[in-house]
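The values are calculated or read from the model by the stated rules, or taken from the named source; none is laboratory data. Computed from a predicted model, the values in this text were never measured in an experiment. Every residue, glycine as well, gets a Cβ built from its backbone with ideal geometry; the counts of neighbours run over all protein chains shown.
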Amino acid sequence: MNVSFVTLLWALLSTDVFTISQWGSGASQLVQLLMCHNSEPVDLQAIPCLQTILEHWQGTNQQGDPVEFLAHLMRGLNISGIDMRWEKRIQIGVMTEAVDSSDAFAPMILQFDPVLLQDDSTTLRQLVRDWSSQDGMIRALLHSSPLIYVQVDRHVRSGAGQIQKCDIPVNFHWGIEVPIYTGTNLTVMWKTYKVVAAIAHLGADNSGHCRALLRVQMNAQAKLPHMFLLTDDWVEAIPVWKEPTWFTRNVTCFWLCDMERLLPLALPEAPPMQAPRPPEPTPRVGAADFLKFFVDGTDEHAGT
C-alpha cells in the first residue's frame, strides 16, 4: 500500500498540468501530509481521507497487490486528470466493433509474448506494442492522458502447465510510444511517454516486499549522480543513477507521463562539504621555556 500511495502522488507531482483539485475531496489533508511530515515516517491509516478506503480494502493486513490497490485508491480518492479508458476493436466488413473496454482507473495489463520467454530481457516499449496488437485486433486508449499506469503480468504458464512467476528483466529507458485512437475506426496515433515511477514486488503474491523507483531531474554532476530515488519502508529514499538489476526482474507497475507534460522534480543541491580542519599541533616545550618559571635569585647554588 505504501508504494502505491507514494507513486501516485509522485506521478501527479511530476506533470506541468498538476493541480490540487485532482486529489479530490481529501486534497487539503494530502497537502498537509506533505507539508508537515517531511522525512518522517507516515501511518496511512492515520490520514482521515484514507481511512474508509483502507477499511474497504480486502488486503489491509497483507502485502496484497500494489497495482490493484492503486486502482482502489484512485477510485476512493476520486482522482481526476488520469483517463485509462481503452477499447479493443475489430474491423468486420465496413463496421468497427468494440469487443472489450476498460474504465478510467483500471491499468493497462501487459503480458509477455510466449515466443520471447527465452530471451534475456524485453522492453516496456515492446510490451505496450504487443498489448496494442493481438489476435488481429487493435487496442488503444480512447483519449490522451497526461498520466497513465500499466501493470506487467509476470505470471506465465510453464511447459508443465503450471503458473509461475517470470523474472525476465523489463528495460524502460527512452520514450515509450502509447497508442491512442483518433476516432471511431481502427486508426491510432502513437504518443511518447516516459517512466516517472515504478514498483517492484519481491516475493509471493500475498506476501513479500514492495519498493519504488521515482524519477527525478537527472544530475550527472552531483556528488552522487542520480536519475532516480529508490525507496524502502521506514528509511529515506536514496538517489541512484541506474535501476538495480533485481528491480528490472521484479517490476510489476510503471507510471508513464506524456513527454510534453513531464516536469521531473529536482533534488536540492547538497551543501558543499567543508574539509576537516587539521588538529592543532601539540605544543612543544623546550628548556628555555622551563627557565621562565624560575624566579631570579632562586638558584640553589646562589650564595646567601
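Numbers below:
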| read-out | value |
| --- | --- |
| Residue list for the range 203-217, filter: assigned to a strand (DSSP E or B) and exposed (fewer than 14 other Cβ atoms within 10 Å of the Cβ) | His209, Gln217 |
| The range 143-170, residues that are hydrophobic (A, V, I, L, M, F, W, C), at pLDDT below 90 and in contact with a Cys (Cβ under 9 Å, 6 or more places away or on another chain) | Val156 |
| Per-region count, the range 172-202, residues closer than 16 Å to Thr252 by Cβ and either of a type in the set (S, T, N, Q) or touching a His at 6+ places or on another chain (Cβ under 6 Å) (or both) | 1 |
| Checklist (1) hydrophobic (A, V, I, L, M, F, W, C); (2) over 23 Å from Ala27 (Cβ atoms); (3) assigned to a loop (DSSP other than H, G, I, E, B) applied to Met84, failing item | (2) |
| Options Leu224, Leu230: the member that is surrounded by fewer than 19 Cβ atoms within 10 Å (Cβ to Cβ), in a strand (DSSP E or B) and either more than 12 Å from the chain's Cα centre (by Cα) or without any contact (Cβ under 8 Å) to a residue 60 or more places away in the chain (or both) | Leu230 |
| Search result, residues across the range 3-17 that are closer than 16 Å to Val216 by Cβ and of a type outside the set (Val, Ile, Thr) | Leu9, Trp10, Ala11, Leu12, Leu13, Ser14, Asp16 |
| Test: residue in the range 184-194 that is more than 30 Å from Ile92 (Cα to Cα) and either within 22 Å of the chain's Cα centre (by Cα) or crowded, with 18+ Cβ neighbours inside 10 Å (or both) | yes |
| Test: residue in the range 16-36 that is modelled with pLDDT of 90 or more, of a type in the set (Phe, Trp, Tyr), under 22 Å from Leu147 (Cβ atoms) and surrounded by 19 or more Cβ atoms within 10 Å (Cβ to Cβ) | no |
